[in-house]
Structures are given as C-alpha cells and as structure tokens.
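Participant: Just dropping this structure here.
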Amino acid sequence: MKTNIGVFFGGRSTEHEISVISANQAMAAINRDRYNVTPVYISKQGKWYTGEALTDVANFRNLPALLEKCEQVYMEPVYDDYNLYRSKKKMFGSNVVTKLDVVIPVLHGSNGEDGIFEGVLESTGIPFAGCNTLSSANGMDKITMKMILQACDIPVVDYIWFTDKQWFAQRDKLVEQIESTIGYPVIVKPANLGSSVGIGRATTREELLDRVEDASRYSTRIIVEDMVEDLQEINCSVLGDCDEYQTSVLEEPIKSGEILSYQDKYMGGTKGAKGMQASQKRIPADLPEDVTKRIQFLAGETFRVLSCHGVSRVDVIRDRKDGAIYVNEINTIPGSLSFYLWEATGLPFTKLMDRLVALAVKRKREQSMKTFSFDQNIFALGGGTKGGIKGGKLK
C-alpha cells in the first residue's frame, strides 16, 4: 500500500500565498508511484479544506470557486487518530475522508512555522517532517533564537529587544539605549515574522521611531539590530535532524535595495510569484573555500543547537570590511523548501521529498522507544489518599 502524505499549507499568516506556492511545488515533486498525496489547505480564517483542485496553484486565482470544489475537514485532537474528518456529516456511511500516514507541513510564518501547528500534530502523535513545537518556536522568534545562539558561541550581531508596551512606556530610555550601545544604522524587525515583513532600516532617531511603529503592527516583541553596512547575504540549507545532517551549497540572494525585500524573495522582479526559486541569486555563491566551509559549519551548528528537523535554511551575513560572519536567522520551513539549493547540491526535489518522509518515520520510531507515562495507577495504590492530599491541596 502507498503511504498517504498530508501536505498542509496556507494558514493565518502574512506569508499565506507563499505557502500555497511552496506546497504546490512540493506536491508536484512527490513520487505518486510510491505515495498518495492529500492536500490540506488552511484558509486565512483558519478553516481546513481538502480536494484535488488544491494541487493546481492556478485555481487559487478564484478562491471562492476553488473552495466550492473542496470539502471542509478537521482532525480530532486525539492521540493516535490520524483521520481527516468531514465537517459536514453524512447521513449514512463514514465521516472519515481519509487516514493520513505522514504529514509534511509547508506553512510559512505565524500560526504555522512557529510551533502552533506543530503542537497540533504532536498532540495526535502523527509522524511529520520538520521541527517540533519547541524548535519551531525558538527558530521563529528572532530574540529567543539569538539568545540560544549566543549561549552556544554562534556569532550574531549586537541587538536590543523590547515589547510594544515597553516602547510605549519607556520610549526615550530605549531610544537612548539603542543609540548609545548600538548606534545608527540599525535594522528594526518584528520578532516573529519572516519574509522581510515589517522590517526596516533606520539611520536617524526619526526613522527609528517610524520603523518601530511599523514593526509593532505585526508583533508585540520588537528587535533592533546593528546593521552591517557593507554586507553580503548568504544562505545555506540544512537537511536531516540535529544528530545527523548535511548542508547544501550556498546561495547569494541579489537584493534590489539595502534590504532583501519580500518582492526580491518571491516575485523575482516580476508580477508572477513563483516562490523562492524565482528570486535573483548566485548559486553557488562566489566565495573562497574557507569562507564557504565556515558558513556551512555555522549553518549546521545553528540547526543542531536549535534541535531542528527536516529541511531548514540558515541565512547569514558576511561583513565585507573585515570578513566577519554572523548568523542572521533560520527558516525552519523555508520558501520552496529550498529545493533549488538541494538540486544544485545533487539531490533532486523528488528525492528531497523522499528524505522528508523517511525523517518523519524515523523520528516517530525513535520517540516510540521513550517513556512518557507509567502503567501504575497511584490512586489505586492509595497514593494521594493517605496524607498525600488534604483539603484539595498537595501536602
């Protein structure tokens, strides 16, 4: 029997459309001789749909018409229940649409790449490819990520972070702290978004105020980073798990301005978005061998210390003035699943999808060997009834 792969995409995120593109690329690359594919589209309102029409990205031009061809579904938050259920119950017969064997999340940004959706999957116990709840959350939050990397001696640029409420209450103090400890120019970012959304450069106090106000529209936590002015951006993909992984060749994205924009990443300079592979880039990046190896090492270390799984992309910054290299961020579900980097490394997209399925099954097998609960019932043995609990309080 074929393995039934559920590919989840869309979601309540500013990167919704990019997720649709990435997922359609992934589904087209899956070997249908070995696997069945069940697309599960999550709308911007958080509703789940399935249907074969979801496998053609052109159908998303008319979303109401597309969803008319699809069936609204859900999963039960019950461990070991891998079924997709139809929301509109049948009068007779089963309400199970299909049973999934493996899930591949292709959700970018908030509510999908940040551990929220991964927690749903972990609650059911279904095998899935990609970071778990903890590593997804840590990878998505730029502040937490940098704290972990610093603690593990992985270089990051100087930064200051604060909440939107802190900014409102202590604006002057925070501005003075930024100016005295970092100095201009700086980069202002929402802490938990990707794809350059809400990110801006500030060279003066007035620009700083504007950029923080813009970033606070998207997140309650803001990070302000030292901006490397003569920078070179380099990306490296990592595939595997935190104990056994490999790194890809490097790419150098080509930006149209001072910051790699959403349009640079996904629009490829045209009106027709085709995912990350459409953006302008040099593959492999034109770098000395020792620099290439250093970046690949840092990418692998970032993947390892964050306990990542599946396929990720690590973005680094190289200062052309002194050659210093800093890890900028990790994308735990990268645009287009970074397939173009793996194809350049010698791994075709179809084989990449095979690897993701195998990784999901391997992790599930390893987790099944761990102890999560004990068979003894302490209540049946008198635990908590003789001096253990009094008046509803633990003694």
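Participant: Can you tell me which residue in the stretch 200-218 is farthest from Y184 (Cα to Cα), limited to those that are surrounded by fewer than 21 Cβ atoms within 10 Å (Cβ to Cβ) and touching a helix residue (DSSP H, G or I) at 6+ places or on another chain (Cβ under 8 Å)?
Facilitator: Among residues in the stretch 200-218 that are surrounded by fewer than 21 Cβ atoms within 10 Å (Cβ to Cβ) and touching a helix residue (DSSP H, G or I) at 6+ places or on another chain (Cβ under 8 Å), the one farthest from Y184 (Cα to Cα) is S216.
Participant: Would you pick out the residues in the stretch 155-185 that are closer than 18 Å to S219 by Cα and aliphatic (A, V, I, L, M)? Steps first, please.
Facilitator: Applying the first criterion (closer than 18 Å to S219 by Cα) to the stretch 155-185 yields 159-171, 174.
Result: I160, A169, L174.
Participant: Taking into account only those residues within the stretch 92-127 that are touching a Pro at 6+ places or on another chain (Cβ under 9 Å) and without any contact (Cβ under 8 Å) to a residue 60 or more places away in the chain, which is nearest to D80 (Cα to Cα)?
Facilitator: Looking at residues that are touching a Pro at 6+ places or on another chain (Cβ under 9 Å) and without any contact (Cβ under 8 Å) to a residue 60 or more places away in the chain, I get T124.
Yes/no per residue for (1) in contact with a His (Cβ under 7 Å, 6 or more places away or on another chain); (2) of a type in the set (D, E); (3) surrounded by fewer than 20 Cβ atoms within 10 Å (Cβ to Cβ):
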site: I283; (1), (2), (3): no, no, yes
site: L287; (1), (2), (3): no, no, yes
site: V305; (1), (2), (3): no, no, yes
site: H309; (1), (2), (3): no, no, no
site: S312; (1), (2), (3): no, no, no
site: D322; (1), (2), (3): no, yes, yes
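Participant: Taking interchain pairs and intrachain pairs at least six residues apart, which have beta carbon atoms under 6 angstrom, with the first residue in the stretch 219-242 and basic (K, R) and the second assigned to a loop (DSSP other than H, G, I, E, B)?
Facilitator: Here the result reads R221/A191, each pair linking the stretch 219-242 to a residue that is assigned to a loop (DSSP other than H, G, I, E, B).
Participant: Of all strands (runs of 3 or more DSSP E) completely enclosed by the stretch 51-161, which ones contain at least 1 residues that are within 20 Å of the chain's Cα centre (by Cα) and more than 30 Å from V175 (Cβ to Cβ)? Talk me through it step by step, then tell me what you get.
Facilitator: Numbers: elements: 71-74, 83-86, 96-99, 102-106.
Passing ranges, in order: 102-106.
Participant: Considering each residue of the stretch 13-46, count those that are modelled with pLDDT of 95 or more, in a loop (DSSP other than H, G, I, E, B) and touching a helix residue (DSSP H, G or I) at 6+ places or on another chain (Cβ under 9 Å), and give that number.
Facilitator: 5
Residues are listed down the side, and each one gets a yes or a no for (1) closer than 26 Å to E225 by Cα; (2) touching a residue at least 24 places away in the same chain (Cβ under 8 Å); (3) not assigned by TED's automatic domain parsing to the domain that holds S19:
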position: R318; (1), (2), (3): yes, yes, yes
position: V327; (1), (2), (3): yes, yes, yes
position: I330; (1), (2), (3): yes, yes, yes
position: S336; (1), (2), (3): no, yes, yes
position: G346; (1), (2), (3): no, no, yes
position: T350; (1), (2), (3): no, yes, yes
position: M353; (1), (2), (3): no, yes, yes
position: L356; (1), (2), (3): no, yes, yes
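Participant: Looking at the stretch 197-218 only, could you name the residues that are in contact (Cβ under 8 Å) with a residue 40 or more places away in the chain and among the charged types (D, E, K, R)?
Facilitator: As a first pass, look at the stretch 197-218 and keep what is in contact (Cβ under 8 Å) with a residue 40 or more places away in the chain: 197, 199-201, 212, 216, 218.
Across the stretch 197-218, the qualifying residue is only R201.
Participant: Read through the list (1) outside any loop (DSSP other than H, G, I, E, B); (2) over 24 Å from the mean Cα position of the chain (by Cα), then give the number of the only condition that V224 fails.
Facilitator: Tallying (1) outside any loop (DSSP other than H, G, I, E, B); (2) over 24 Å from the mean Cα position of the chain (by Cα), V224 fails exactly one: (2).
Listed here are the residues, each with its yes/no results for (1) under 15 Å from T124 (Cα atoms); (2) surrounded by 15 or more Cβ atoms within 10 Å (Cβ to Cβ); (3) among the hydroxyl-bearing types (S, T, Y).
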position: L63; (1), (2), (3): no, no, no
position: L66; (1), (2), (3): no, yes, no
position: E71; (1), (2), (3): no, no, no
position: Y82; (1), (2), (3): yes, yes, yes
position: K88; (1), (2), (3): no, no, no
position: F92; (1), (2), (3): no, no, no
position: V96; (1), (2), (3): no, no, no
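Participant: Output the number of residues of the stretch 1-12 satisfying the condition of being in a strand (DSSP E or B) and either crowded, with 23+ Cβ neighbours inside 10 Å or among the hydroxyl-bearing types (S, T, Y) (or both). If you could, list the steps in order and put the result at the bottom.
Facilitator: Going residue by residue through the stretch 1-12, those that are in a strand (DSSP E or B) are 3-10.
With either crowded, with 23+ Cβ neighbours inside 10 Å or among the hydroxyl-bearing types (S, T, Y) (or both) added as a condition, the list becomes 3, 5-10.
Of the residues in that region, 7 qualify.
Participant: Which of the helices (runs of 4 or more DSSP H) found entirely inside the stretch 282-372 contain at least 1 residues meeting this: closer than 20 Å to N138 by Cβ and touching a helix residue (DSSP H, G or I) at 6+ places or on another chain (Cβ under 8 Å)?
Facilitator: Passing ranges, in order: 289-305.
Participant: A further question on this structure: Suppose the filter is closer than 30 Å to L193 by Cα and either modelled with pLDDT of 95 or more or in the same structural domain as S43 (by TED's automatic domain parsing) (or both); does D56 pass it?
Facilitator: So D56 passes the test.
Participant: Further question on the same structure: Given the options T350, T371, T332, name the one that is of a type in the set (V, I, T), surrounded by fewer than 18 Cβ atoms within 10 Å (Cβ to Cβ) and at pLDDT 95 or above.
Facilitator: Unique residue meeting the criteria: T350.
Participant: Quick check on my filter: what residues within the stretch 180-193 are closer than 14 Å to E206 by Cα and surrounded by 14 or more Cβ atoms within 10 Å (Cβ to Cβ)?
Facilitator: Y184, P185, V186, I187, V188
Participant: Another question, then. Is there any pair linking a residue in the stretch 368-381 that is more than 29 Å from P127 (Cβ to Cβ) to one that is small (G, A, S) and surrounded by 10 or more Cβ atoms within 10 Å (Cβ to Cβ), with Cβ under 8 Å and at least six apart or on different chains, and which?
Facilitator: If the second residue must be small (G, A, S) and surrounded by 10 or more Cβ atoms within 10 Å (Cβ to Cβ), the pairs left are I378/G384.
The values are calculated or read from the model by the stated rules, or taken from the named source; none is laboratory data. Quick caveat, the model's predicted, so the values are computed rather than measured. Virtual Cβ from ideal backbone geometry, glycine too; neighbours counted across all protein chains shown.
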